[in-house]
Every structure is written in structure tokens, then in C-alpha cells.
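The values are calculated or read from the model by the stated rules, or taken from the named source; none is laboratory data. Quick caveat, the model's predicted, so the values are computed rather than measured. Cβ placement follows ideal geometry from the backbone for every residue including glycine, while neighbour counts extend to all protein chains displayed.
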């Protein structure tokens with residue numbers, strides 16, 4: 001499979017746009033941003049957008065309508081952009097996927113097109129991983145460059161938040177940005193709204209810097225749970241809380257393999273941070289040593305999870321991870337992990 005990251009797509013669409021891209025993954029905000037960049041790059045003349053930029057949605061899409069969009073040559077431009085979005089791939093039958101693939105095969109003949117298929121995370125089954133893709137992803141990957149929009153890490157989101165604040169002529173320290181993520185979650189649409197709200201609030205008060213108090217006063221707490229909260233609830237044997245978080249993740253269709261990987265990594269991080277803390281290292285020193293922002297390091301230090309619990313967690317996670325990858329019911333495996341720690 002030819003899978004690239006969104007940063008690679010941004011470079012490629014400017015230098016050498018391909019005939020077809022498939023956007024999939026959890027980060028909807030960056031899909032929208034990348035699609036906007038493709039429009040600006042491939043269809044810069046708005047007066048010709050009617051001819052050179054065509055969008056098909058869940059109502060207007062069909063294999064024949066896509067072919068009708070592909071065939072005409074671009075008007076006074078080198079390329080034409082065709083977007084397919086809003087389609088429920090989970091509801092598609094395999095023969096319908098095959099019909100789509102047959103149309104995409106014609107792009108070799110009509111090579112002046114760039115087709116971007118934008119999927120929604122809850123309407124597209126990507127499979128367990130790039131090494132074990134779904135049938136639909138496998139078929140589309142043979143005809144399209146696949147762009148996986150993974151959830152951004154807190155560190156990347158923090159840097160993005162700082163740039164967003166700077167654009168609004170407001171300052172926010174890395175600690176304040178991490179506090180926003182901790183309170184509001186990792187959804188970039190939500191974070192963008194909260195940044196604008198905090199910026200207007202601070203500027204209206206004649207200030208230019210956001211504080212933690214501003215975050216608590218203005219930002220709306222999200223119901224999204226971070227991996228540390230989940231791992232900490234398991235380690236502390238708060239089964240009811242951990243199961244509640246798991247059911248929330250399940251309702252959002254987060255892949256059990258991803259959940260398991262993040263829990264395992266967090267358990268190892270907790271162990272490393274606890275060891276360095278016993279040796280007398282400060283939060284700043286630990287942050288540099290483990291390559292993690294100081295804010296989550298401080299959260300883990302304050303939790304004071306015993307090493308024996310961490311070791312037990314890591315061993316249990318190793319067995320559960322193997323079981324999930326053996327095509328078991330991943331959520332059931334996670335439930336047993338929660339109830340047996």
C-alpha cells in the first residue's frame with residue numbers, strides 16, 4: 001500500500017499532484033485543510049472554478065456521475081480537481097466498490113484530473129492497520145495515493161495552538177496550550193474555536209497573553225478522555241471509570257489496537273518517569289530525558305503510580321495486545337484487561 005502522511009500530501013500536491021488521493025483516518029480538521037490547499041493549488045482562478053472544480057457528495061455521487069466529471073478536459077488550466085465526499089463506504093456493497101474502482105481506472109486515459117476521495121472516519125472501515133487493511137482500502141489503494149490523517153499528538157497540537165494564537169495577536173505559553181488540550185480534548189475543530197474564544201476574551205480585557213485561569217474560566221471542558229486518564233483508571237483499579245471511558249471510545253469507533261498501543265506506551269512512560277522521579281530528577285529534566293512535554297510529565301508524577309502496578313500493567317498489556325492482534329474481539333479483550341488488573 002502507498003500510504004503517506006498529510007505533510008507529505010501538502011508537499012506533493014504543490015510539486016507533483018497525482019491522479020487520485022484517498023483521505024482517511026480520524027483527523028477531520030486536517031482533511032478539510034488539506035482539501036482547501038488542493039483547491040488553492042489546482043484551481044487558483046475562481047472564475048474558472050465552475051469548470052475545473054467539481055464536488056460530488058452523498059446525494060450526487062454515483063460511478064456514472066464521477067465518470068461524467070472525469071471525461072471533460074479542464075478549461076484554460078492544466079488540471080481539474082474532482083472531490084468525492086460524504087459517501088458512506090460502510091454501506092457500500094463490494095460490487096459498488098468495484099464499480100468505483102473501474103471508474104478510477106480510467107484516470108490513466110484522462111490524466112489531467114486529480115480526484116480526491118474524502119472519507120469520514122465513522123463511514124469508512126480502514127481495517128486494523130496498513131499491514132492489514134480492509135478490502136475496500138486495499139482495492140482503493142491500488143488506484144489512489146492513500147493519505148492517513150492520524151490524530152495529532154499533544155506536542156504537535158500544542159505547537160499548532162501557539163501558531164493559531166500568534167495569528168490572533170495573542171501569546172500563549174506551551175504550558176497554557178497543554179492545559180487547553182487537557183481541558184478541551186484533541187479535536188482540532190473544537191480547539192480552533194476555543195483558541196478564537198480565548199483570544200477575543202483576552203484582547204477585550206486589554207491583555208495579550210492567555211493564562212491558565214482564562215482557560216478554566218472560558219474554555220469548555222470536553223467529554224473526550226486522554227490515554228493517561230484511561231491508563232490511570234485501569235492502574236488504580238477504578239474499573240467502573242475505566243469501562244466508562246472504554247465504552248466512550250467504542251462509541252467513537254476507535255480501533256482497539258490503537259487503544260491497546262497507547263495504553264501500553266503510556267504504562268511504559270509512567271514507569272520511566274517514576275524511575276527518574278525516584279532518582280531526584282525534576283519535571284523539566286524528566287521532560288527532556290523522555291521527550292515528553294512537561295505538562296503530562298507533571299500529571300504522571302502527581303499520580304504516583306507504584307512501580308509494581310506499572311510492571312503488572314505492562315505484562316498484562318503485552319498479552320492483551322497479542323490476543324487482539326490474533327483477531328479476537330478487541331473490545332472484549334480490553335474489558336477483561338480492565339477487570340483483571
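At-a-glance table
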| quantity | calculated |
| --- | --- |
| Candidates 192, 242, filtered to the one that is in a helix (DSSP H, G or I) and within 27 Å of residue 339 (Cβ to Cβ) | 242 |
| Candidate set from the stretch 84-109 (those that are modelled with pLDDT under 95 and buried (at least 16 other Cβ atoms within 10 Å of the Cβ)); member that is farthest from residue 16 (Cα to Cα) | 92 |
| Residue in the stretch 262-274 that is within 19 Å of residue 184 (Cα to Cα), buried (at least 16 other Cβ atoms within 10 Å of the Cβ) and at pLDDT below 85 present | no |
| Residue within the stretch 41-55 that is surrounded by fewer than 20 Cβ atoms within 10 Å (Cβ to Cβ) and within 30 Å of residue 254 (Cα to Cα) present | yes |
| Any hit, the stretch 103-119, residues being over 23 Å from residue 15 (Cβ atoms), assigned to a strand (DSSP E or B) and not assigned by TED's automatic domain parsing to the domain that holds residue 325 | no |
| Search result, residues across the stretch 304-341 that are assigned to a helix (DSSP H, G or I), out of contact with any helix residue (DSSP H, G or I) (no Cβ under 8 Å at 6 or more places or on another chain) and over 16 Å from residue 246 (Cα atoms) | 308, 312, 315, 319, 322 |
| The lone exception for residue 13 - which of (1) in a helix (DSSP H, G or I); (2) at pLDDT 95 or above; (3) within 25 Å of residue 122 (Cβ to Cβ) it fails | (3) |
| Pair list, Cβ under 6 Å, 6 or more apart: the stretch 261-287 residue within 20 Å of residue 236 (Cα to Cα), other residue modelled with pLDDT of 85 or more and surrounded by fewer than 17 Cβ atoms within 10 Å (Cβ to Cβ) | 267/314 |
| Selection status of residue 4, part of a loop (DSSP other than H, G, I, E, B), under 24 Å from residue 125 (Cβ atoms) and at pLDDT below 95 | no |
| Hits in the stretch 114-140 (condition: buried (at least 18 other Cβ atoms within 10 Å of the Cβ), more than 19 Å from the chain's Cα centre (by Cα) and closer than 30 Å to residue 324 by Cα) | 136, 140 |
| Any chance residue 248 is closer than 25 Å to residue 120 by Cα and touching a strand residue (DSSP E or B) at 6+ places or on another chain (Cβ under 9 Å) | no |
| Residue tally, condition more than 17 Å from residue 21 (Cα to Cα) and either part of a helix (DSSP H, G or I) or at pLDDT below 95 (or both), over the stretch 59-71 | 5 |
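Here's the yes/no breakdown for (1) closer than 15 Å to residue 303 by Cβ; (2) in the same structural domain as residue 323 (by TED's automatic domain parsing):
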| position | (1), (2) |
| --- | --- |
| 212 | no, no |
| 237 | yes, yes |
| 243 | no, yes |
| 249 | no, yes |
| 255 | no, yes |
| 265 | no, yes |
| 273 | yes, yes |
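Each row is one residue, and each column tells you yes or no for (1) in contact with a strand residue (DSSP E or B) (Cβ under 6 Å, 6 or more places away or on another chain); (2) in the same structural domain as residue 113 (by TED's automatic domain parsing); (3) without any contact (Cβ under 8 Å) to a residue 60 or more places away in the chain.
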| position | (1), (2), (3) |
| --- | --- |
| 18 | yes, yes, no |
| 43 | yes, yes, yes |
| 47 | no, yes, yes |
| 51 | no, yes, yes |
| 64 | no, yes, yes |
| 75 | no, yes, yes |
| 80 | yes, yes, yes |
| 84 | yes, yes, yes |
